[in-house]
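Peer 1: Here's a structure for you.
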Amino acid sequence: MHNLRYAVRMLVKKPGFTVIAVLALALGIGANTAIFGVVQAVLLRPLPYRQPDRLVMLWQKITGATSFPAIPCSVPDYIDYRDQTRTLENVAAFVKSSFNLVTPSGADRVAGTSVSANLFPLLAIAPLRGRVFTAAEDRPGNDQVVVLSYGTWKRRFGSDPDILGKTLVLDHQPRQVIGVMPREFNFPADGLVEGPPPEFWVPIAFTPAQLGPDARGDNFNISAIARRKPGVSIQQASSDLDRVARRIYEGYPLSTQKLFSLNAFVTDLHEHVVGKVRPLLAVLLGAVGFVLLIGCANVANLLLAKAAGRRREMAIRIALGAGRARVLGQLLTESVLLGLVGGAAGLLVAVWLTQLLIHFSPGDVPRLAESQLNLSVTGFALAISILTGVLFGLAPAIQISKTDLNIDLKERGRGATAFRRSRLRGALVIGEVALSLMLLAGAGLLVRSFVKLRNVSIGFRPDHVLTFSVALPEVKYQSKVQVQAFYRTLLERIQASPDVKSAAAATNLPLLSGQWNIIITPEGQKQTGEKSLDAAFFTGVSPEFHRTMGIELKRGRLFTPADQDPTRPVAIVNEAMARHYWPNQEILGKRFKWGPEDNSRAWITIVGLSGDVRQSNLAAHVSPGVYMPILAMPQDSAVSGLNLVVRTAADPTAVIANLREIVRSIDPEVPMFQVRPMDEVLSESVAPQRFNMLLLAAFAGLALLLASIGIYGVMSYSVSQYTHEIGIRMALGARAADVLQLIVRQGMLLVAIGLALGVAGALALTRVMSSLLFDVEPADPLTFAAVSALLAAVAFAASYIPARRATRVDPMVALRYE
């Protein structure tokens, strides 16, 4: 307690020193605490289900026509896995989807999930109100029930205590509310599937057509989750499922077996949810660790400078009988107290930084919203504060406790010990520079990667284009004629609207709705081996699609209304498809068909060649692609939900209200959703990369600032130590330029050593970032040269300022300095 009281008095006595040290520590400890909170919420905290370590996802792997390393199941496949597995229990199915919710105030598109009745017992989450589905309700005709999420019950229905038994209209079907799930229940969990969290759950209720033999080997859209039996490993469960997959494959039609091979496996549910963000979090955790180390080095340098004035004090203590251990304990008490004060301030920084992370995150970090300042995070902050206090205080404490009574009591210790203290301070600066360079190199790689990503040719013109989606309930629009009439009327009315140049519809849009992959057979091209058919992405479009999107037509023609005959189908293909299947050939007039050559579908004739478009994301390679008229598509049901694009003469957001009114006038039960300008879609497509870049760049900038302060502090201290020597040199004729060169050279020598060590460290550590980079190597020489030059320039400025001040020393004043 005596040491503690004295430590408090010493910190209060030097408020300037205390504020600077606490600020440096608060930034480092706060950043580490915030990122640890994220790591704990995302990577360390188990999923909120019963025995989550035994939960697994079921996947199929297709190899042959095209490789899909992990896809869901078809309905018949799921049933076989559920019934024939020996290592899994309670295999449940779910499909993430959206529905049109009709209320007295209008129609809205809401996210939901269709689930098998055994899903809730599998997860062992009881409803807050009511009940969940029974097996009888998981059959067509009995499935007109719905379970609400807590958020939907509170937000849409005002936490109505009488909600049970009330009716909702979803996709033109009335459903009775039978339950409300608790606040913490969220399935599918963030990161498990794309899209917003579900607002409700409905029975999956497989139809006879879905269960029939014709559904095998097609429509792989059923996600399956299960629990491993006690004592069963991931490897054992995967082997068991692969056994079932081989049996399933033998039951596929021969035409399907020609297309691909089938395997199955399981993955840990938690790893599937968070595995993709593990490299990013590892990089961020290392980055904030480096920032903290740099902050510690700065505080250690401050303590070394402060210790120079306390050597006589410690010499008197020892002379009066204090042991070196007592002196060391006093000094460590002061540094640990400083660390704790910095940690307390760091908790405030952590709260603020966590809120910023959640607010600005693009949404690709699962469970990020669960990050909070809980007991374990606070304990981490306390532990790191104490450790930090010991880390930055130990070396100065040991050094000052080794005082020479004979010298220090005579107050002539400066010259005898300056060199030793200078070496320690120099080593700290070298470490700061090395760590800063590693951070700057990582940030520089992400900046270069992002610039290259934004400069990629997207293949269309996003300016003045508005996108939105419309989905027609199949219960109401049961015939192809009804669907055609709706979209024809919609496009005609939009085209006639003021400020609209053109409008079109498509099954999927670039960067917005991914891509559909189809298996094709080019006419006259022999297959070179078993299961060697090819694949391409497919988009059904209306005739004005290419003009509206601004996709360049290289050769041939665009679609016309006469191209809607499904018995004489035509297509426009992209350049990637032409290069892959017909290199150095005239593409117009070539033919291909969906599926194997021996099926009954008509041959599709190519009438146009368009430019390549980045379909799924900017970082993905351009795949061979096919555009066909929507009404000539082999799968008629695919047109019930379409994406629309509208090119306007002015601001595209100005026509949104008019478009909503047009859709409402045709059918008030059909809402517009996903309404966004294409410029915004393009910006959102690179939001994860932008977030990663800005976050690491912020930490690297902080490290650069701390390192420059550290270099400046060391050089200023050196100038003060050698003021007497500088006066002698100038009195003997040394020019100001000579003194300037001497001091700057001393500082830049430390920087050069730090740069060399930093480059070596960065070459080893940036390999961890390879999965975060686009078209940039982890050891990119241009990036390393640029960040080294930047750090050297900042270090030069930090050395030059105190050196410049030293040249203004009056020799007469300097000679009397002592």
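The values are calculated or read from the model by the stated rules, or taken from the named source; none is laboratory data. Since this is a predicted model, take the numbers as computed values, not measurements. FYI the Cβ positions are ideal-geometry reconstructions off the backbone, even for glycines, and counts take in every protein chain you see. Quick note on the areas: whole protein, heavy atoms, side chains included, nothing else; ligands and nucleic acids left out. Shrake-Rupley method; radii C 1.70, N 1.55, O 1.52, S 1.80 Å.
Peer 1: Out of all the residues in segment 73-106, which are assigned to a loop (DSSP other than H, G, I, E, B), out of contact with any Lys or Arg (no Cβ under 7 Å at 6 or more places or on another chain) and either among the basic types (Lys, Arg) or open to solvent by less than 30 Å² (accessible area, probe 1.4 Å) (or both)?
Peer 2: Filtering segment 73-106 down to residues assigned to a loop (DSSP other than H, G, I, E, B) leaves 74, 85-87, 104-105.
Now restrict to residues that are out of contact with any Lys or Arg (no Cβ under 7 Å at 6 or more places or on another chain): 85-86, 104-105.
85, 86, listed by residue number.
Peer 1: Could I ask something else about it? Please note which helices (runs of 4 or more DSSP H) are completely contained in segment 176-285 and include at least 3 residues that are among the basic types (Lys, Arg) and more than 31 Å from the chain's Cα centre (by Cα).
Peer 2: 234-250
Peer 1: Checking the structure you have, find out if any residue of segment 1-20 is touching a helix residue (DSSP H, G or I) at 6+ places or on another chain (Cβ under 9 Å) and small (Gly, Ala, Ser).
Peer 2: yes
Peer 1: Against the condition open to solvent by 60 Å² or more (accessible area, probe 1.4 Å), under 23 Å from residue 453 (Cα atoms), not in a loop (DSSP other than H, G, I, E, B) and not small (Gly, Ala, Ser), how does residue 682 come out, does it pass?
Peer 2: no
Peer 1: Any idea which of 244, 291 is touching a Phe, Trp or Tyr at 6+ places or on another chain (Cβ under 7 Å) and more than 22 Å from residue 57 (Cα to Cα)?
Peer 2: The unique qualifying residue is 291.
Peer 1: As an exercise: evaluate residue 113 against (1) outside any helix (DSSP H, G or I); (2) open to solvent by 30 Å² or more (accessible area, probe 1.4 Å) and give the number of the one condition it does not meet.
Peer 2: The single condition residue 113 does not satisfy is (2).
Peer 1: May I ask you to verify whether residue 34 is within 30 Å of residue 231 (Cα to Cα), at pLDDT 90 or above and in contact with a Ser or Thr (Cβ under 8 Å, 6 or more places away or on another chain)?
Peer 2: On the way: within 30 Å of residue 231 (Cα to Cα): no; at pLDDT 90 or above: yes; in contact with a Ser or Thr (Cβ under 8 Å, 6 or more places away or on another chain): yes.
When the stated conditions are applied, residue 34 does not pass them.
Peer 1: Right, something else. Taking the options 687, 650, 657, name whichever one is of a type in the set (Gly, Ala, Ser), free of Cβ contacts under 8 Å to residues at least 12 places away in the same chain and surrounded by fewer than 19 Cβ atoms within 10 Å (Cβ to Cβ).
Peer 2: 657
Peer 1: Scan segment 457-477 and report the pairs whose first residue is hydroxyl-bearing (Ser, Thr, Tyr) and whose second residue is buried (at least 20 other Cβ atoms within 10 Å of the Cβ) and part of a loop (DSSP other than H, G, I, E, B), with Cβ atoms within less than 7 Å and a gap of 6+ or a chain change.
Peer 2: Listed pairs, sorted by first residue: 467/509; 467/512.
Peer 1: Hey, another quick one. Can you pull out the strands (runs of 3 or more DSSP E) entirely within segment 541-638 that have at least 2 residues that are open to solvent by 10 Å² or more (accessible area, probe 1.4 Å) and more than 23 Å from residue 512 (Cβ to Cβ)?
Peer 2: 553-556, 591-594, 604-610
Peer 1: Looking at the structure I just gave you, is residue 670 buried (at least 21 other Cβ atoms within 10 Å of the Cβ) and farther than 30 Å from residue 300 by Cα?
Peer 2: yes
Peer 1: A further question follows. Taking the stated definitions as given, is residue 743 modelled with pLDDT under 85 and closer than 21 Å to residue 793 by Cβ?
Peer 2: Considered against the rule, which asks whether it is modelled with pLDDT under 85 and closer than 21 Å to residue 793 by Cβ, residue 743 comes out as yes.
Peer 1: Moving on to the next point. Just checking, does segment 546-568 include any residue being of a type in the set (A, V, I, L, M, F, W, C), farther than 11 Å from residue 627 by Cα and at pLDDT below 90?
Peer 2: yes
Peer 1: Please name all residue pairs, on different chains or six or more residues apart, with Cβ atoms under 9 Å, provided the first residue is in segment 136-147 and is touching a residue at least 12 places away in the same chain (Cβ under 8 Å) and more than 17 Å from residue 113 (Cβ to Cβ) and the second residue is of a type outside the set (A, V, I, L, M) and not in a loop (DSSP other than H, G, I, E, B).
Peer 2: 139/203; 140/208; 142/203
Peer 1: From (1) in contact with a Phe, Trp or Tyr (Cβ under 7 Å, 6 or more places away or on another chain); (2) assigned to a loop (DSSP other than H, G, I, E, B); (3) of a type in the set (Phe, Trp, Tyr), pick out the condition that doesn't hold for residue 49.
Peer 2: All conditions pass for residue 49, except number (1).
Peer 1: Exactly one condition in (1) under 30 Å from residue 387 (Cα atoms); (2) at pLDDT 85 or above is false for residue 244; which is it?
Peer 2: Answer for residue 244: the failing condition is (1).
Peer 1: Of everything in segment 263-289, what is buried (at least 21 other Cβ atoms within 10 Å of the Cβ) and farther than 30 Å from residue 50 by Cα? Give them in sequence order.
Peer 2: Selection gives 283, 284, 287, 288.
Peer 1: Restricting to segment 466-506, what's the tally of residues that are exposed (fewer than 15 other Cβ atoms within 10 Å of the Cβ), assigned to a helix (DSSP H, G or I) and aliphatic (A, V, I, L, M)?
Peer 2: 2
To keep it simple, each residue is scored yes or no on (1) hydrophobic (A, V, I, L, M, F, W, C); (2) over 30 Å from residue 30 (Cα atoms).
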residue: 655; (1), (2): yes, yes
residue: 662; (1), (2): yes, yes
residue: 679; (1), (2): no, yes
residue: 686; (1), (2): yes, no
residue: 693; (1), (2): yes, no
residue: 699; (1), (2): yes, no
